[in-house]
1. Would the stretch 255-264 turn up any residue that is under 30 Å from GLY231 (Cα atoms) and either part of a loop (DSSP other than H, G, I, E, B) or in contact (Cβ under 8 Å) with a residue 60 or more places away in the chain (or both)?
2. Looking at VAL201, VAL232, which is the one that is among the aliphatic types (A, V, I, L, M) and closer than 17 Å to THR279 by Cα?
3. Which ones in the stretch 301-327 are more than 18 Å from the chain's Cα centre (by Cα), among the small types (Gly, Ala, Ser) and surrounded by 15 or more Cβ atoms within 10 Å (Cβ to Cβ)?
4. Considering only residues that are outside any strand (DSSP E or B) and either polar (S, T, N, Q) or modelled with pLDDT of 95 or more (or both), which ones fall in the stretch 195-217?
5. Suppose the filter is farther than 20 Å from SER147 by Cα, touching a Gly at 6+ places or on another chain (Cβ under 7 Å) and not hydroxyl-bearing (Ser, Thr, Tyr); does ARG78 pass it?
6. Hey, GLN168 hits all of (1) in contact with a helix residue (DSSP H, G or I) (Cβ under 8 Å, 6 or more places away or on another chain); (2) not assigned by TED's automatic domain parsing to the domain that holds PHE321; (3) not acidic (Asp, Glu) but one; which does it fall short on?
7. Could you check the stretch 95-125 and list, in sequence order, the residues that are assigned to a helix (DSSP H, G or I) and crowded, with 18+ Cβ neighbours inside 10 Å?
8. With the condition kept exactly as written, say whether any residue in the stretch 58-76 is modelled with pLDDT under 95, closer than 16 Å to VAL129 by Cα and not in a strand (DSSP E or B).
Amino acid sequence: MIKPQHFVVLTGVTIAALVWAGFLQSSSDYRAAGGVDGRAMLPELPRQAGTLGSVEITKAGEKLTLERAGEQWKMKERGGYPVLSDKVRALVVQLANAKLVEPKTAAKERWSLLDLEDPKAKDAKSSLVRLLDAHGKPISEVVVGKSRPNAFGAGRGGVYVRRPSETQTWLAAAEPNISIDVKDWVDVAIYKTDVTKFRRVTVEHANEVPIVVEKGSEPTAKFELKSVPEGVKVKANAPVEQIALGFGSIDFEDVRQLDKTPIGETVSIITTESTDGLTVTFRLRREATPAAAWLSFTAAGTGDAKKAADEINAKASGWEFKIPDWKANQIGKRAAELFETS
């Protein structure tokens, strides 16, 4: 039986091995491409990769922290939302491989030309990357600036860097993915389904008559409105089918923890019912300042659909996702888009 302390050691050794494997492979690739000579940008990183506990990225005063939790990685500022571990490992390998090749300006007033100004300054284009151990002690840190594609030959890019405590800047042989955008670190596809299995979609907005679209059982059947108010005419090109088709795939731009079920006049409820017994209830929250659309959802299923419902809930439970406005408008159609106003 593996003891917890042994598991931690094994995990650290595994990550260190991955870093070194990447380092050796990358070094081999550089030599094969004609060689890139230079000294290691972060010489301490390969030696201490096994103790890595978190990666902090700061840009224009905003910070994103990727924290290790066992073999997984999570996003601190987003309540511990899961991060794609492969992307974190790729960043660490890139930084461990990076070589300082060509010295550039040491004049502070010229740093901005290379996007190497203070990362905490408003509108700064530079990024500060700090790698910390499990106790929060710094292992390495570097300011990363403008990329220079093909700096060392076709397909061999470089990037301008400097150490935070130094004025000297460098062109480094490296192509690290440095980003504080949530979507660059996670699986953005929060919901995918086969909309051909839908039999009914209901859209409910506060103080409005529900919009219900249904699909017949015939293979060629289309979604049609089943809730037309008396005396109201449907627009000739009303985008009825878009309501259902919009659920084929939903990607998100940001995420936050959901403490309680959203309610109120700013919340619309959309329910999809499938022929296999799966029902998913979406709550679309509209916020005015700043303008944003946030989506949360839960699923229920009977028979074979229960497994699908459990999988959806495991991924979505406790979270609210920011989705693009165009997607929110697609799945949350209003009556004015479907019916004639006069």
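1. Taking every residue of the stretch 255-264 in turn, at least one turns out to be under 30 Å from GLY231 (Cα atoms) and either part of a loop (DSSP other than H, G, I, E, B) or in contact (Cβ under 8 Å) with a residue 60 or more places away in the chain (or both).
2. None of the others qualify; the one that does is VAL201.
3. The answer is GLY301, ALA305, ALA308, ALA309.
4. Selection gives THR196, HIS205, ASN207, SER217.
5. no
6. In the conditions (1) in contact with a helix residue (DSSP H, G or I) (Cβ under 8 Å, 6 or more places away or on another chain); (2) not assigned by TED's automatic domain parsing to the domain that holds PHE321; (3) not acidic (Asp, Glu), GLN168 misses (1) alone.
7. Correct list: LEU95, ALA96, ASN97, TRP111, LEU114.
8. Looking for residues that are modelled with pLDDT under 95, closer than 16 Å to VAL129 by Cα and not in a strand (DSSP E or B), one finds at least one in the stretch 58-76, hence yes.
The values are calculated or read from the model by the stated rules, or taken from the named source; none is laboratory data. A quick note: this is a predicted structure, and the numbers were derived from the prediction, not measured. Note that each Cβ is placed from the backbone with ideal geometry, even for glycine, and that neighbours are counted across all protein chains shown.
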